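K.L.:
Supplied in structure tokens, the structure appears directly below.
The values are calculated or read from the model by the stated rules, or taken from the named source; none is laboratory data. Model, not experiment: these values are computed from the prediction. Virtual Cβ from ideal backbone geometry, glycine too; neighbours counted across all protein chains shown.
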Amino acid sequence: MADKRYRVGVVGLTGIGANRLEADSGSVLNTPMPGSHVASYAALPHTDLVAVCDLKTELFDQFKERWGDVLPDVQTYTDYREMLKKENLDILSVVTSDNRHTDIVVDAANAGIKGIACEKPLATTVDDCNRMIAACEANGVPISIDHTRRWWPAYHRARRAIREGAIGGVRRIVAHMGGPRAMLFRNGTHLLDGVCFFAESEPEWVFAELDEGFEDYFSYRGDGGRSPAGDPGGSGYVHFKNGVRALVNASKGQASGFCLEIIGEEGRLDVENTVTLSTGAGRSELLDLPPHMVIGIPAYIEELIHVIENGGELLSPASEAKKVVEIIVGFLKSQERGNVRVDLPLPPGN
């Protein structure tokens, strides 16, 4: 990492934006990691958090109570455009409601920001995803999306095993998520991103059935991700261009959990916090994980800075995050049309 220091702003001060909790020891490597964007910037040696923004001014007092001892000079704004104009920022974290990311990202890219860290989902419509991607590409701004499982040791170990031929060619993926936060536009984005991470292809068509009570849920109308009540779960099928087929179950009314089963021509991987390889005649083994990896929010911020400095590819770019949004919107369109097949990509207006 170069000696340069980066001026940082954060838009959105609730939850994962500005929490100051005990570092998450994690169930993966027992390595403490900051649990919010503000905490990550405070911990990283090459970032200086200089400004924060939120529409709720009462959160500024809360921010000072939490962070005043280590971040006493941070400026506060209720208008992110004013913050962009005055603070000469290098990096911006967008940690607002799910449906409020688009204008902030577009305006930041056009304002000369060097890199953007955006929470998931990228947006709640495909059109908004396209606007964000177009603005960032036009201005040469790398944007990384917080699908944090892409930095989990288990994901990297499983993908390496696949690429080394441990299970032969991938044929099917079965994805499960249950519990009260099993919402398609919230935790469901992690599940679907995991499917895309291992399918390594473009989704070609989908069909789906949403959970009971969401029979008439045909386009996003949640509250930005705060309440599970307004965000459906559901069961769906994703067919990828390379022939991989994925079955997805993400419903509040089923047992809590988050796991992926990746089925190949010659074996199977079960991926959770660990990776189990099963091949022939009931043989199975627990695969060793990498000895050390930076995980969570710090991982994707450090990678963003590396790409700002050196160029190269992001592990979780907006183009990958758009796949997730397109699958979810495709699920909603399938529900609207009587649970039928919906071809991707979707036309403009979605």
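K.L.:
Please enumerate the residues belonging to region 206-225 that are among the acidic types (Asp, Glu) and either touching a residue at least 24 places away in the same chain (Cβ under 8 Å) or surrounded by 13 or more Cβ atoms within 10 Å (Cβ to Cβ) (or both). Break it down stepwise before answering.
P.N.:
Keep residues of region 206-225 that are among the acidic types (Asp, Glu), which gives 209, 211-212, 215-216, 223.
The answer is GLU209, ASP211, GLU212, GLU215, ASP223.
K.L.:
Report the residue count in region 255-275 for those that are within 20 Å of ALA158 (Cβ to Cβ) and in a loop (DSSP other than H, G, I, E, B).
P.N.:
6
K.L.:
Just give me the residues in region 113-152 being touching a strand residue (DSSP E or B) at 6+ places or on another chain (Cβ under 6 Å) and either in a helix (DSSP H, G or I) or among the hydroxyl-bearing types (Ser, Thr, Tyr) (or both), in sequence order.
P.N.:
Correct list: CYS136, SER144.
K.L.:
If you go through region 180-210 one residue at a time, how many are charged (D, E, K, R) and in a helix (DSSP H, G or I)?
P.N.:
Looking only at that region, the number is 1.
K.L.:
Would region 232-254 turn up any residue that is at negative phi, under 20 Å from the mean Cα position of the chain (by Cα) and part of a helix (DSSP H, G or I)?
P.N.:
no
K.L.:
Looking at PHE207, PHE240, can you tell me which residue is closer than 29 Å to ASP343 by Cβ and touching a Gly at 6+ places or on another chain (Cβ under 9 Å)?
P.N.:
Exactly one residue qualifies, and that residue is PHE207.
K.L.:
With SER334, SER278, SER319, SER284 as the choices, which residue is at pLDDT 95 or above, under 25 Å from GLY169 (Cβ atoms) and either touching a strand residue (DSSP E or B) at 6+ places or on another chain (Cβ under 9 Å) or part of a loop (DSSP other than H, G, I, E, B) (or both)?
P.N.:
Step by step, each of SER334, SER278, SER319, SER284 is checked, and only SER278 is at pLDDT 95 or above, under 25 Å from GLY169 (Cβ atoms) and either touching a strand residue (DSSP E or B) at 6+ places or on another chain (Cβ under 9 Å) or part of a loop (DSSP other than H, G, I, E, B) (or both).
K.L.:
From the set of residues in region 153-179 that are assigned to a loop (DSSP other than H, G, I, E, B) and not β-branched (Val, Ile, Thr), which is modelled with the lowest pLDDT?
P.N.:
So the residue we want is GLY179.
K.L.:
Related question: Would you be able to say whether some residue in region 98-117 is surrounded by 20 or more Cβ atoms within 10 Å (Cβ to Cβ) and under 30 Å from LEU269 (Cβ atoms)?
P.N.:
Taking every residue of region 98-117 in turn, at least one turns out to be surrounded by 20 or more Cβ atoms within 10 Å (Cβ to Cβ) and under 30 Å from LEU269 (Cβ atoms).
K.L.:
Also: Answer yes or no: is there a residue in region 247-262 that is under 24 Å from GLY15 (Cβ atoms), surrounded by fewer than 16 Cβ atoms within 10 Å (Cβ to Cβ) and touching a residue at least 60 places away in the same chain (Cβ under 8 Å).
P.N.:
Looking through region 247-262, at least one residue is under 24 Å from GLY15 (Cβ atoms), surrounded by fewer than 16 Cβ atoms within 10 Å (Cβ to Cβ) and touching a residue at least 60 places away in the same chain (Cβ under 8 Å).
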